[in-house]
Amino acid sequence: MKKVIVTGDRGYIGSVLVPKLLTKGYKVVGFDTGFFDKCIIKGKKDPVYKKIKKDIRNITEKDLKGVDAIIHLSALSNDPMGEIDPSLTEEINYKSSIRLAKLAKESGVKKFLFSSSCSIYGIAKSGIVDEKSTVNPLTAYAKSKIKAEKALKKLAGKNFFIGLMRNSTVYGFSPRFRNDLVVNNLVTTALAYKQIRILSDGTPWRPLIDVRDLSDIFIKFLETGTQNLNGKVINIGFEENNFQVKDLVAVIKKQLPNCKVVYTGEHGKDSRSYRVDFALFKKLFPNVKQKWTLTKSVKDMIKNLKKSDFNRTTFESGKYTRLAVLKNLLEENKVNKDLYLN
Ligand SMILES: NC(=O)c1ccc[n+]([C@@H]2O[C@H](COP(=O)([O-])OP(=O)(O)OC[C@H]3O[C@@H](n4cnc5c(N)ncnc54)[C@H](O)[C@@H]3O)[C@@H](O)[C@H]2O)c1
């Protein structure tokens, strides 16, 4: 049985990925500070596996003993979170990722999968961008991801596989739900206020992927034996899932016809916009097909949220908004200013 560490296992993606790994027979050990431990959807429970409450910045060689692979998800994850303190984003997302990867290599771990983001493309003026295009990271979050990619690439070696997955923005239901991701946000706002609120003018492009499809792809990377992916940046997503924000409205409106569509325009024309080419991914993984289309996932999300405690009050409580949760932890003195647990 393979032993896999998942950092950030109690996050939005981790909470979907870990049960899949357990079903496949992996022995999972999770390392997470537990910032979002309480943000679990009512009625959902974490599966049983070894969960360690530890800051990624404090991981030692001892923690990596007998580990075959690391799926590294822990991060101050997303653009608004990065702005809480850009230097902390650099410390957690970039420096601690490199430190962890170096420790892993020294400890004989064979694989290290890094969860990067297509948001490093920022505003892409030149139509579709691929892995060779110039990146334009606009936020502390995006900058931390590109720096990490570059430094990790150098650590790839004969006995150490580095997977550099430049992931699309994720959507879909997870037991640790987030409403600060574009599709999830549009759906939850519609459920809470009967309004689909578009913050931009609706024209920005975004590549999107369902959390279950992405989790399956992490497992593909874990299981692939081909060394030609080692240290190679790969855009992860599906060509047909490059959407303009206004296209999302039509899909959601179909499921929630009583909602009004409101363009607030508060992000104006400056929002990030990038259409991404996934030809390399398709070439390397020709058998990986999308299972959770946007329509299927939105339907499922609405069904699951309606079944849970989700309503306008939970929406406004910030329970599913990462920045609000972190700000609360700071205010309640549960973490110090450097986000170490008190
Ligand atoms: N969600 C997306 O759309 C998306 C897209 C591309 C890439 N990614 C990347 O995938 C990864 C997982 O994303 P997610 O959406 O599940 O994020 P998330 O915020 O839901 O989960 C991140 C987890 O990391 C933990 N964490 C944060 N700082 C930590 C630290 N210092 N030590 C230990 N644990 C810490 C948090 O407690 C949380 O459980 C992140 O690296 C993110 O940048 C996410």
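Let me confirm something: among N78, N58, which residue is modelled with pLDDT under 95 and of a type in the set (S, T, N, Q)?
When all the criteria are applied, what remains is N78.
Would it be correct to say that I70 is more than 14 Å from the ligand (Cβ to nearest atom), touching a residue at least 60 places away in the same chain (Cβ under 8 Å) and in contact with a Ser or Thr (Cβ under 9 Å, 6 or more places away or on another chain)?
It is false that I70 is more than 14 Å from the ligand (Cβ to nearest atom), touching a residue at least 60 places away in the same chain (Cβ under 8 Å) and in contact with a Ser or Thr (Cβ under 9 Å, 6 or more places away or on another chain).
Would you be able to tell me the number of residues in the range 1-43 that are touching a residue at least 40 places away in the same chain (Cβ under 8 Å) and part of a strand (DSSP E or B)?
So the answer is 7.
If you scan the range 47-99, which residues turn out to be closer than 14 Å to G30 by Cα, among the aliphatic types (A, V, I, L, M) and assigned to a helix (DSSP H, G or I)?
Answer for the range 47-99, where residues must be closer than 14 Å to G30 by Cα, among the aliphatic types (A, V, I, L, M) and assigned to a helix (DSSP H, G or I): I56, L64.
Collect the residues in the range 138-168 that are part of a loop (DSSP other than H, G, I, E, B) and closer than 29 Å to T293 by Cβ, keeping them in residue-number order.
L138, T139, S168
Evaluate the following for A140: is it among the hydrophobic types (A, V, I, L, M, F, W, C), in contact with a Pro (Cβ under 8 Å, 6 or more places away or on another chain) and within 16 Å of the ligand (Cβ to nearest atom)?
It is true that A140 is among the hydrophobic types (A, V, I, L, M, F, W, C), in contact with a Pro (Cβ under 8 Å, 6 or more places away or on another chain) and within 16 Å of the ligand (Cβ to nearest atom).
So how many residues does the range 296-323 have that are surrounded by fewer than 18 Cβ atoms within 10 Å (Cβ to Cβ) and more than 20 Å from the chain's Cα centre (by Cα)? Working first, answer last.
Taking the range 296-323 as the starting set, the residues that turn out to be surrounded by fewer than 18 Cβ atoms within 10 Å (Cβ to Cβ) are 296, 299-300, 303, 306-309, 311-313, 316-318, 323.
Now narrow it down to the ones that are more than 20 Å from the chain's Cα centre (by Cα): 299, 303, 306-309, 311-313, 316-317.
Looking only at that region, the number is 11.
Every residue in the range 28-56 that is over 26 Å from D309 (Cβ atoms), in contact with a Phe, Trp or Tyr (Cβ under 8 Å, 6 or more places away or on another chain) and buried (at least 16 other Cβ atoms within 10 Å of the Cβ), please.
Within the range 28-56, V28, V29, K54, D55, I56 meet the criteria.
For the structure I just gave you, tell me whether K44 is modelled with pLDDT of 95 or more and closer than 28 Å to D213 by Cα.
Considered against the rule, which asks whether it is modelled with pLDDT of 95 or more and closer than 28 Å to D213 by Cα, K44 comes out as no.
Which members of the range 32-62 meet the condition of being away from the ligand (no atom under 12 Å from the Cβ) and among the acidic types (D, E)?
E61
Restricting attention to the range 117-128, does a residue exist that is more than 16 Å from the ligand (Cβ to nearest atom), of a type outside the set (G, A, S) and out of contact with any strand residue (DSSP E or B) (no Cβ under 8 Å at 6 or more places or on another chain)?
For the range 117-128, residues more than 16 Å from the ligand (Cβ to nearest atom), of a type outside the set (G, A, S) and out of contact with any strand residue (DSSP E or B) (no Cβ under 8 Å at 6 or more places or on another chain): present.
Starting from the range 154-174, keep only residues that are touching a residue at least 40 places away in the same chain (Cβ under 8 Å) and under 30 Å from M301 (Cα atoms), then list their pairs with residues that are part of a loop (DSSP other than H, G, I, E, B) and charged (D, E, K, R) whose Cβ atoms are within a distance under 8 Å, requiring at least 6 positions of separation or different chains.
Hits for this filter: L164/K232; R166/E131.
Need the failing condition index for V182 against (1) within 15 Å of the ligand (Cβ to nearest atom); (2) of a type in the set (A, V, I, L, M, F, W, C); (3) surrounded by 23 or more Cβ atoms within 10 Å (Cβ to Cβ), just the number.
Here V182 meets the rest and fails (3).
For the list (1) buried (at least 21 other Cβ atoms within 10 Å of the Cβ); (2) under 18 Å from C39 (Cα atoms); (3) within 12 Å of the ligand (Cβ to nearest atom), I need the number of the one condition that F173 fails.
(3)
For a quick check of your reading: which helices (runs of 4 or more DSSP H) sit entirely within the range 248-332 and have at least 1 residues that are among the aliphatic types (A, V, I, L, M)?
Values: elements: 279-284, 294-307, 312-317, 322-331.
Answer list for the range 248-332: 279-284, 294-307, 322-331.
The values are calculated or read from the model by the stated rules, or taken from the named source; none is laboratory data. Not measured: the values here are computed from a predicted model. In this analysis, Cβ positions are derived from the backbone assuming ideal geometry, glycine residues included, and neighbour counts consider all displayed protein chains.
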